[in-house]
């Protein structure tokens with residue numbers, strides 16, 4: 001989750017203290033050899049659990065493999081993706097449920113990440129103020145982040161229960177609604193229920209990243225603004241927001257990548273209902289429940305490509321440079 | 001009292017109201033789960049903010065199920081093993097990436113960053129094959145192996161960031177004394193890296209404890225499941241008449257350790273979450 005993307009304008013926190021003995025000395029050669037030796041276990045582990053499985057998923061997506069007998073797979077070309085047969089199109093790309101799940105995922109990601117950013121910034125601004133009990137409030141805000149997604153989905157499912165849920169109870173008490181709403185079952189509201197849970201769970205993450213950025217801002221320009229009597233809102237939009245944008249961009253990309261692969265909350269809250277199904281839920285359903293490994297792998301591969309494309313597009317549009325462990 | 005003072009008081013009231021609102025929003029769902037778990041099943045469907053009569057039946061019911069106890073045991077086993085492996089492989093890898101300059105270093109870092117962005121589903125069928133081939137299907141060891149995909153990259157990344165900040169004089173002194181890189185790591189860096197390792201270990205623990213997709217897919221029988229899957233499947237069967245009392249009790253049981261960890265280590269968690277992203 002917390003890998004690093006360093007922007008040009010990010011404060012130069014950690015300078016590199018790497019020792020640099022002269023090229024070609026014995027010590028240096030020994031160190032480089034040791035470095036590769038130390039890297040080997042990690043590289044082997046990542047090849048085993050990430051690299052090789054990814055290659056196999058690509059491969060399986062061009063076969064008719066089934067879960068019960070993975071060995072007996074025949075290559076069938078692009079048939080899992082798209083094939084024209086007997087006057088009709090077949091394959092993932094011709095499946096309206098797949099396109100529905102793509103739309104659901106995109107809708108979910110855009111709406112929930114936008115809400116998280118807005119509320120995350122508000123919470124961060126409040127936590128950045130000096131007041132008694134700030135530590136307690138910060139700990140309380142962290143709680144939703146620590147609760148397992150499955151548990152938060154269950155807790156909200158109970159609060160959103162159509163007959164006995166406290167949310168319907170309160171909304172009816174306040175006179176907002178006349179009849180209980182079937183939050184998790186109805187096609188209209190279930191996506192909003194999912195978004196509600198996700199926003200609740202991930203505001204802390206955004207808020208903490210923004211808070212860390214806020215605490216590094218220079219104090220003097222705020223004092224100057226206060227002396228000049230500039231309205232706080234104006235100060236926020238003209239000074240604070242531009243300065244925390246790099247941190248916000250990092251938070252947004254992590255959240256977007258997370259949201260695009262969403263699985264747990266949707267699976268538990270609304271199971272396999274098509275009105276909330278995400279791409280991950282779709283792929284897993286094909287793969288495990290329908291045992292169609294070839295078809296499910298094709299969906300997984302498309303999901304991987306979409307996320308890779310989204311990452312590249314984001315980095316290109318933002319023109320943010322990934323600086324790897326920079327010197 | 002003039003208007004300026006009034007405005008100031010109104011501002012303070014508004015500020016504290018906002019704080020209370022945030023606190024309630026953050027804590028209420030968990031609080032309500034605790035309240036629900038303490039109700040006898042006859043009271044379950046009456047909405048109250050404080051249980052009128054306390055009752056531990058739901059807790060007795062989940063703790064008398066061997067499958068739930070097994071699930072807790074499996075979760076603890078998996079989470080601790082994952083943390084141990086991630087830290088072991090992470091500390092050596094981060095030494096190489098943070099302290100030694102060599103060709104291919106940025107490629108390795110790019111690969112690690114790439115892996116951390118993998119959607120889990122993208123490797124699901126390939127990983128399924130690997131786990132079957134190693135004969136680890138329906139076995140916690142299969143989960144331990146598969147969880148390295150999301151714990152290892154970020155452990156390496158954060159530890160590398162911390163490793164770079166250590167002063168080079170320490171290492172030079174060790175080299176002068178003829179220490180091998182392995183001795184340098186274990187005797188010089190390890191004692192200094194404890195805070196960073198505690199942070200990353202904690203984050204890895206939480207990630208492994210909460211994982212759902214792999215745990216759901218790579219296990220089959222009750223005896224091999226982890227807690228998140230056990231809780232999700234308590235509601236299985238029919239969509240009506242869910243056992244809400246036991247579900248909430250189980251939810252509270254698995255969440256309390258995490259809430260305690262968060263409250264004790266909040267400073268560490270915050271620094272770990274932001275270490276990679278902000279400090280760079």
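We did not get these values from a lab; they are worked out from the coordinates using the rules stated. Bear in mind the structure is a predicted one, so any value in this text is a computation, not a measurement. Cβ placement follows ideal geometry from the backbone for every residue including glycine, while neighbour counts extend to all protein chains displayed.
Can you give me the angle between helix B:105-116 and the longest principal axis of chain B, using Cα atoms only, in degrees from 0 to 90, rounded to the nearest 10? Rounded to the nearest ten degrees, it is 20.
Segment residue A:40..residue A:74, full-extension length gain: 8.8 nm, with 0.36 nm per residue of separation and the alpha-carbon distance subtracted. For the stretch B:3-55, what percent of Cα pairs sit more than 18 Å apart? Percent of Cα pairs beyond 18 Å in the stretch B:3-55: 53. Average 1/r across all pairs of distinct alpha carbons in the protein assembly as shown, invert it, and you get the Kirkwood radius: 26.0 Å. Between the Cα long axis of helix B:140-165 and the first principal axis of chain B there is an angle of about 60°, rounded to the nearest 10. Short-range pairs are left out: with C-alpha atoms under 8 Å and at least six residues apart, the relative contact order of chain B is 30 percent.
Using every pair of distinct Cα positions in chain A, the Kirkwood expression returns a hydrodynamic radius of 23.6 angstrom. Highest mean packing first, where packing is the average number of other Cβ atoms within 10 Å per residue, the peptides B:216-224, B:136-144 line up as B:136-144, B:216-224.
Taking only the C-alpha atoms of the stretch A:67-173, Rg followed by Dmax gives 23.3, 73 Å.
The value of relative contact order for chain A, using C-alpha pairs under 8 Å at least six residues apart, is 29 percent.
Taking the beta-carbon count within 10 Å as an exposure proxy, list A:316, B:32, A:295 from fewest neighbours to most.
Ranking A:316, B:32, A:295 by Cβ neighbours within 10 Å, fewest first, gives A:316, B:32, A:295.
For the stretch A:234-288, list log₁₀ I(q)/I(0) at each q in 0.17, 0.18, 0.21, 0.31 Å⁻¹, using the Debye formula over Cα point scatterers of equal strength and ignoring solvent, two decimals each. Relative scattering, expressed as log10 I(q)/I(0), comes to -0.63, -0.65, -0.75, -1.12.
Pairs of Cα atoms in the stretch A:193-303 fall into 5 Å distance bins, from 0 up to the last occupied one, in shares of 2, 10, 15, 14, 12, 11, 9, 8, 6, 5, 4, 2, 1, 0 percent.
Relative to the longest principal Cα axis of chain B, at what angle does helix B:3-37 sit, 0 to 90 degrees, rounded to 10? Result, in degrees: 90.
Each residue in B:197, A:249 was given a count of other beta-carbon atoms within 10 angstrom of its own, and listing them fewest first yields A:249, B:197. For a distance above 29 Å, tell me the whole-number percent of Cα pairs in the stretch B:65-279 that qualify. So the pairs more than 29 Å apart make up 35 percent of the total in the stretch B:65-279. Averaging Cα coordinates gives a centre for the stretch A:220-244 and one for the stretch A:100-161; these two points are 27 Å apart.
Exposure proxy ranking for A:190, A:278, B:67, based on other Cβ atoms within 10 angstrom of each Cβ and starting from the fewest, stands as B:67, A:190, A:278.
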